[in-house]
Amino acid sequence: MTCLKTVRSVCKKWNALSKKWFFFGKAKQFLGFMMMDSRVCSLRFDLRKDLVVEPPSIKQVSILDQIEVSKIFHSDGLLLCIIKNDTTRLLVWNPYLEQTRWIQPRHNFHILDCYAIGHDKNRKHKILRFVDDFLPVENVVFGYEIYDFSLDSWRVLDVTPDWDI
Amino acid sequence: MSLRGNTYFFAKERYIFEGKGPEEIDITETEDFLLCFDFTAERFGPRLPLPFHSYYAETVTLSCVKEDQLSVLCQRQPSEPSEILEIWVSTNIQPNAVSWSIFLKVDMRPLTGFQFNDMAGSFFIDQENKVAVVFDLDPSQICRYQTAYIIGQEYGGYFNSVNIGEVPNLWIPGSVGYADTTSCIPPVCSSYVPSLVQIG
């Protein structure tokens, strides 16, 4: 946070969101995100004490409504979105700050890639990308690499797996 | 599944098919475990024990509880006399160590009578109300609806379900050009906590 104006603006958003999403009344609320028809949706699920079940509230996220997404991953308030039929970029989204950032690959991503988003003890955010499979056409496809947000670059990791994820 | 910045994966022992056909190897007893990718050390940690042994094609799914505990769901295949669904919660979890306590154990046979999807089902737990919410398709309606199943042990085995939406581009047996059912199951990140992390 660099200036008071940003703090105020963020506080305002927090209040608005708190009223909209995080109001804890008699029901216990769970807030999450899910995929519906390749679109990212917010999900609010109320679990009442008496366990009477109301249908959850599901709303398509308007900021991402032009983007078809195949998978989402979450860590520390950030969502990593894997774009459907597009191996040239990934999207990272902070729903609370309404910030998005496109991430480019070193080479193209692979359709079989697995991903994870996380951060180190200094809260520097990173993405793990790996592919470890056998395809009849390409034979073995293999590679582990890590993306560092602060450096905006990918680095190859030396991994010799004796397991399958 | 992300927890305190690190990611935990369900993993199985890798078999090398040297000189043998896959059919000659018994994969039912394959060792299963958790692996943590430590984003500080930038490497995978040691194999971490699960509180059960799962067999081939049984449902094992991870979820996190309030960003500091991990929970794991295991459901047996329906061929057994009962279809036990177990959910465990970590009492202590680090990239190199874990311990578990049982949260829920119910026989799903009288409740749903089917096995939650072993590839794509997702869930979260409510510790206060002692219930779990599992998301999957509703097979009684030819997988037409995405459904949330609420399961608890209290009150002699609590069970309820609610439709959360119709599956688009529904796959019909024998048809082509439609998404298969597993890609329609909603993966849910269910314990979102807002953060002020700048990514721009």
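The values are calculated or read from the model by the stated rules, or taken from the named source; none is laboratory data. Since this is a predicted model, take the numbers as computed values, not measurements. Here the Cβ is made from the backbone with ideal geometry for all residues, glycine too, and neighbour counts use every protein chain on show. Accessible surface is based on the protein model in full, side chains and every heavy atom, while ligands, DNA and RNA are left aside. Shrake-Rupley method; radii C 1.70, N 1.55, O 1.52, S 1.80 Å.
Amide H to amide H, with H built 1.01 Å from N, B:GLU83 comes under 5 Å of B:MET108, B:ARG109, counting only residues 5 or more places away or on other chains. If you sort B:PHE114, B:PHE159, B:PHE124 by accessible surface, 1.4 Å probe, largest first, the order is B:PHE159, B:PHE114, B:PHE124. Computed from label points 7 Å out along Cα-Cβ, the spacing between A:SER70 and B:TYR15 is 2.7 nm. Counting Lys and Arg as +1 and Asp and Glu as -1 over every other residue whose Cβ lies under 15 Å from the Cβ of A:PRO55, the net charge comes to -1. For B:GLU42, the solvent-accessible surface with a 1.4 Å probe is about 40 Å², rounded to the nearest 10. So, with a 1.4 angstrom probe, what is the percent of accessible area on the stretch B:68-114 that is carbon and sulfur? Here it works out to 49 percent.
With a Förster radius of 35 Å applied to the C-beta separation of A:VAL141 and B:SER99, the computed FRET efficiency comes to 0.45. Accessible surface comparison of B:ASP126, A:ASP152, B:ASP38, probe 1.4 Å, protein chains only, largest first: the order is A:ASP152, B:ASP38, B:ASP126.
Ranked by solvent-accessible area (1.4 Å probe, protein heavy atoms only, all chains present), the residues B:ARG43, A:ARG39, B:ARG4 order from largest to smallest as B:ARG43, B:ARG4, A:ARG39. Residue by residue, the stretch B:88-98 carries 3J(HN,Hα) couplings of 10, 10, 6, 9, 8, 9, 9, x, 10, 7, 8 Hz when phi is fed to the Karplus relation 6.51 cos²θ - 1.76 cosθ + 1.60 (θ = phi - 60°); x denotes Gly or Pro. Element breakdown for the stretch A:19-165 at a 1.4 angstrom probe: carbon and sulfur atoms account for 50% of the accessible area. If the limit is 24 Å between Cα atoms, which of A:LYS71/B:LYS66; A:LYS121/B:LYS66; B:LYS66/B:LYS130; A:LYS59/A:LYS124 go over it? Long pairs (Cα-Cα over 24 Å): A:LYS59/A:LYS124.
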